[in-house]
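**Q** Got a structure for you, written out below as structure tokens; questions coming shortly.
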Amino acid sequence: MSKQIYIELKNDLSEINRLSTKLNDFAEANNLSPKILFALNLSLEEVITNVISYGFEDDKEHQILVHINSIEGEISVEIEDDGKPFNPLQVDEPDLTIPLEERPIGGLGIHLIRNYMDDLEYKRDGYRNILKMKKKSNTN
Amino acid sequence: MEITKEEINDALEIDIKGRIDAYWSDHLSRTITEVIHEGTYKIRLNLADATYISSDGILVLLKYQNQLDTLGGSLIITNVSEGVKKVLEISGFQSLLSVGETTEAIDFDKRASKNRIEFQNTIFEIFEYSKTNSLACSVIGSPEPLKSGKFTKKDSKLLTFPESTFAIGLGALGNNFEECSLRFGEFLAVAGSAAYLPTDGTNVPDYLIAKGTSIPEMNVLYCLLCDGAFSNMVRFDSKTHSSSLTLTDIVNTCLKIANSELAGIVMIAESAGLTGTYLRRSPIIQDPDSHPLEYPEIRDWLSFTYESSYNHCSCVVAGIAAKSEVQDLNPMLRSLGNSRYPIGHFHSTVFSFRPLIKGEIDLRTSVSTLFESESTLAVLHLLNDDRDIVGTGQSEFFRGACWVSPVSKIKLDRG
């Protein structure tokens, strides 16, 4: 049974539905716990909606490539897009001590990813953003 | 995502099944916007079957919790799953879950109005204040000089409109007759607020709201003035999205509820198209041969709404209506629809839309909130357009609140 999947997504928010179905299949194939699946769903969605919403300056269709692999108790996720350069790891952590109504909205997505994933790595390769995320799957 | 809604008194429970993600949160957002538009300010969001939430979903919850808080309502979030709860905690938004923890019981067990009637596609909810309450109606001045446009200084009176009154007629805001003479137009005064449409060409309604001990004053050429207390409040709402009620339907129901031949009615409602007219010139003129209400001069004197205007606006409507002829009120009462009766005379101030909270509401607060928060678009005398084929019929409304009371006394003050 395939332990890895490749998904090609268009820059359209409705693709989040398809992504979620693919992730369910992947979790089933790799016998992942619901918590791991939740973490994958959330982290991938936050990255991809951000790319779809802010990554492209034209109205053209773009491909976002997702590669997910499960090796030796670790899930690795790679997300590649041809949008403008953006390193999510440089986004400031939101200050959770500021009252809700005064808190700036941005940065919530990356804050969630940092909490749900174990390791993050970004590189700009030519005209592509590549974000790698890792999650240990043998713990709860 | 699957969304189901259930009404509980004047509150609404929304059940969410599935994912509140970047794609579906937009769907949830539209649903809540619609519900608020229809006047529900108390919402309980049951997330028992919501398996997932992302930052976009959180922002929707945050947005509507703030909005409903501003409107004096609440968005209570219940039964969150462990997964969703953890996302909220990590985000630092666990306070989203604490809204309403103490008030929930009050919000959702509040007494329902016992009296509901259904008519065609509409539900009427009746709240009784007191069966013995009634209104005294004064006819001050006469509309007769309008036919020749010959109102003069002696027709003008300075009247005050305290909270217990409502009035409609021709008037203007100003210190004296001279200041007002080129501005007289349709006016409406309700529960301490008053608005009129100046006829000096500006075409923008002018208004006053009672503040502290000040009471609106207006120079009036003639008016119908009702003073007293309402016997009932009535809420009406269509069961389907698109259906609306005619002014006649509403008036007939109000007359029935007031249990009277003649009733005073004030209404705050969302319009589904208004038909009416307003003066373009102040009816104080010098030309003895002028006949403003005759063709073709009427065109220079009166503006009529084209098609039906002002769809989805908030309106404050006031006037009186009768099941049959009332001699003392002739000729002020006219057929409201295509049938001879009911007859009535209604003015409306039109505002940009503001949702009206469901359930029993206070007239003075609701009216002054509209004047303070929304722009006044027009003041109209509502009239039925009964021309064959091209006629647009009468004004219609989607939903609203009416205050009604029998008129027990008519005073004539022809001055």
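**Q** Am I reading the B/A interface right? What is its buried accessible area, both sides, 1.4 Å probe, to the nearest 100 Å²? Could the numbers behind the result be given before it?
**A** Working: alone 18800 and 8640 Å², together 25580 Å².
Roughly 1900 Å².
**Q** Around B:THR31, with a cut-off of 12 angstrom between Cβ atoms, what is the net charge of the other residues, counting Lys and Arg +1 and Asp and Glu -1? Write out the running numbers ahead of the final one.
**A** Working: positive: B:LYS5, B:ARG30; negative: B:GLU2, B:ASP15, B:ASP26, B:GLU34, B:GLU38.
Residues near B:THR31 contribute -3 overall.
**Q** Could you work out the relative contact order of chain B? I mean the mean sequence separation of Cα pairs under 8 Å and 6+ apart, divided by the number of residues, in percent. Write out the running numbers ahead of the final one.
**A** Numbers: 1003 pairs, mean separation 77.5, N = 415.
Rounded, it is 19 percent for chain B.
**Q** Let me ask you something else. Treating the beta-carbon of each Lys and Arg as +1 and of each Asp and Glu as -1, no other charges, what is the dipole magnitude of chain B about its Cα centre, to the nearest 20 debye? Display every interim value, and only then the final one.
**A** On the way: 38 positive and 53 negative charges, 151 e Å.
Value, rounded to 20: 720 debye.
**Q** Only helices at least 27 Å long along their own axis, judged from Cα atoms, and with Kyte-Doolittle mean hydropathy of -1.0 or greater: name those in chain A from DSSP H.
**A** A:34-54
**Q** Now, a different point. Express in whole angstrom the spacing between the alpha-carbon centres of the range B:113-177 and the range B:257-321.
**A** 13 Å
**Q** Stokes-Einstein diffusion coefficient for the range B:115-413 at 37 °C in a medium of 0.692 mPa s, Rh from the Kirkwood formula over Cα pairs: what value in µm²/s? The partial results should precede the final answer.
**A** Values: Rh = 19.1 Å.
The Stokes-Einstein estimate is 172 µm²/s.
**Q** If you count, for every residue in A:10-16, the Cβ atoms of partner chains within 10 Å of its Cβ, what is the mean? Display every interim value, and only then the final one.
**A** Numbers: counts 0, 0, 1, 7, 3, 2, 7.
That average works out to 3.
**Q** Relative contact order of chain A: what whole-number percent is it, with Cα pairs under 8 angstrom and at least 6 residues apart? List each step's numbers first, then the result.
**A** Details: 215 pairs, mean separation 37.6, N = 140.
Rounded, it is 27 percent for chain A.
**Q** Is there a quick way to get the dipole size of the range A:3-136? I mean about its Cα centre, with the Cβ of Lys and Arg at +1 and of Asp and Glu at -1; what is the value in debye to the nearest 20?
**A** On the way: 16 positive and 26 negative charges, 84 e Å.
That gives the range A:3-136 a dipole magnitude of about 400 debye.
**Q** Per the helix-only calculation at 222 nm, which mean residue ellipticity applies to the protein assembly as shown, given -39500 (n - 2.57) for every DSSP H run of n ≥ 4 and division by its residues, nearest 500 deg cm²/dmol? Could you put the intermediate results ahead of the total?
**A** On the way: 11 runs with 122 residues, N = 555.
After summing the helix terms and dividing by the residues of the protein assembly as shown, the value is -6500 deg cm²/dmol.
**Q** Could you sort the peptides B:254-263, B:381-390, B:74-83 by per-residue average Cβ neighbour count (10 Å cutoff), highest mean leading?
**A** Details: B:254-263: 21.7, B:381-390: 14.1, B:74-83: 17.8.
Ranking, from highest mean packing down: B:254-263, B:74-83, B:381-390.
**Q** Normalised by the number of residues in the range B:2-101, what is the relative contact order in percent for Cα pairs under 8 Å and 6+ residues apart?
**A** Working: 160 pairs, mean separation 27.1, N = 100.
Relative contact order comes out at 27 percent.
**Q** With the dipole of the range A:3-136 worked out from charges on the C-beta (+1 for Lys and Arg, -1 for Asp and Glu) around the Cα centre, which of A:LEU13, A:GLY107, A:ASN30 lies farthest toward the positive end?
**A** Final value for the positive-end residue is A:ASN30.
**Q** Contour minus end-to-end for B:SER214 and B:ASP49, with contour as 0.36 nm per residue of separation and end-to-end as the Cα-Cα distance?
**A** Details: separation 165, 0.36 × 165 = 59.40 nm, distance 5.41 nm.
Extra length from B:SER214 to B:ASP49 when fully extended: 54.0 nm.
**Q** Taking the range B:320-384, which trypsin sites (Lys or Arg not before Pro) meet the DSSP loop condition and have no more than 12 other C-beta atoms within 10 Å?
**A** B:ARG340
**Q** Could you do me a favour and compute the accessible area per residue for chain B, 1.4 Å probe, result in Å²? Let's see the in-between values first.
**A** Numbers: 17890 Å² over 415 residues.
Each residue of chain B exposes 43 Å² on average to a 1.4 Å probe.
**Q** I've got another one for you. Between B:ASN115 and A:SER53, what's the calculated FRET efficiency when r is the beta-carbon distance and R0 is 56 Å? Round to 0.05. Don't skip to the end; give the middle numbers.
**A** Details: r = 50 Å, r/R0 = 0.89.
After rounding, the FRET efficiency stands at 0.65.
**Q** Given the Cα-Cα distance of B:THR31 and B:GLU372 and 0.36 nm per residue of separation, how much length would full extension add, in nm?
**A** Numbers: separation 341, 0.36 × 341 = 122.76 nm, distance 2.76 nm.
Once the chain is fully extended between B:THR31 and B:GLU372, it gains 120.0 nm.
**Q** Still on this structure, I have one more. Over the heavy atoms of B:LYS211, what accessible area does a 1.4 Å probe trace out, to the nearest 10 Å²?
**A** Accessible area, nearest 10 Å²: 120 Å².
**Q** If the reach is capped at under 24 angstrom between alpha carbons, list the lysines near A:LYS10, excluding any in the same chain fewer than eight residues apart.
**A** A:LYS22, A:LYS60, A:LYS84, A:LYS123, A:LYS132, A:LYS134
**Q** While we're looking at this one, here's another question. Principal axis extents for the protein assembly as shown, Cα atoms only, whole Å, descending order, please.
**A** 99, 50, 49
**Q** Then there is this: For the range B:115-413, which whole percent of the accessible surface, found with a 1.4 angstrom probe, sits on carbon and sulfur atoms? List each step's numbers first, then the result.
**A** On the way: 6200 of 12680 Å².
Whole-percent figure for carbon plus sulfur exposure: 49.
**Q** Between the range B:1-43 and the range B:356-370, what is the separation of their alpha carbon centroids in Å?
**A** For the range B:1-43 versus the range B:356-370, the Cα centre distance is 23 Å.
**Q** In what order, largest first, do A:HIS62, B:HIS27 sit by accessible area if the probe radius is 1.4 Å?
**A** On the way: A:HIS62 20, B:HIS27 60 Å².
Descending order: B:HIS27, A:HIS62.
**Q** Between B:THR202 and B:SER164, take the C-beta separation as r, use R0 = 35 Å, and let me know the FRET efficiency to the nearest 0.05.
**A** Values: r = 31 Å, r/R0 = 0.88.
Once rounded, the FRET efficiency stands at 0.70.
**Q** Other chains near B:86-93: what is the mean number of their Cβ atoms within 10 Å of each residue's Cβ? Write down the numbers at each step before the final one.
**A** Values: counts 6, 5, 0, 1, 8, 7, 9, 4.
Per-residue shielding by partner chains comes out at 5.
**Q** Moving to a separate point now. Rounded, prolate or oblate: pick one for the range A:3-136, where a ≥ b ≥ c are the square roots of the eigenvalues of its C-alpha gyration tensor, a/c under 1.5 means rounded, and failing that, prolate if a/b is larger than b/c, else oblate.
**A** On the way: a/c = 1.63, a/b = 1.16, b/c = 1.40.
Oblate is the answer for the range A:3-136, as a/c is 1.5 or above yet b/c matches or exceeds a/b.
**Q** Pull up the cross-link candidates among the aspartates and glutamates for B:LYS323, meaning alpha carbon to alpha carbon under 15 Å and not fewer than 8 places away within one chain.
**A** Qualifying aspartates and glutamates at Cα under 15 Å: B:ASP249, B:GLU261.
**Q** So if each residue of separation counts as 0.36 nm, and I subtract the Cα-Cα distance between B:ARG387 and B:GLU7, what length gain in nm does that give? Intermediate values should be presented prior to the final figure.
**A** Values: separation 380, 0.36 × 380 = 136.80 nm, distance 4.15 nm.
Between B:ARG387 and B:GLU7, full extension yields an extra 132.6 nm.
**Q** On average over all directions, what projected area in square nanometres does the range B:2-101 have, based on the convex hull of its Cα atoms? Show your work: numbers first, answer last.
**A** Details: hull surface 22.2 nm².
So the Cα hull casts an average projection of 5.5 nm².
**Q** While we're on this one: State to the nearest 20 debye the size of the charge dipole of the protein assembly as shown about its Cα centre, where the only charges are +1 on K and R beta carbons and -1 on D and E beta carbons.
**A** Details: 54 positive and 79 negative charges, 281 e Å.
Rounded to the nearest 20 debye, it is 1360 debye.
The values are calculated or read from the model by the stated rules, or taken from the named source; none is laboratory data. Given the structure is predicted, the values throughout are model-derived calculations rather than measurements. So basically every Cβ, Gly included, is an ideal-geometry build from the backbone, and we count neighbours across all protein chains shown. The area values use the complete protein model at the heavy-atom level, side chains included, leaving out ligands, DNA and RNA. Shrake-Rupley method; radii C 1.70, N 1.55, O 1.52, S 1.80 Å.
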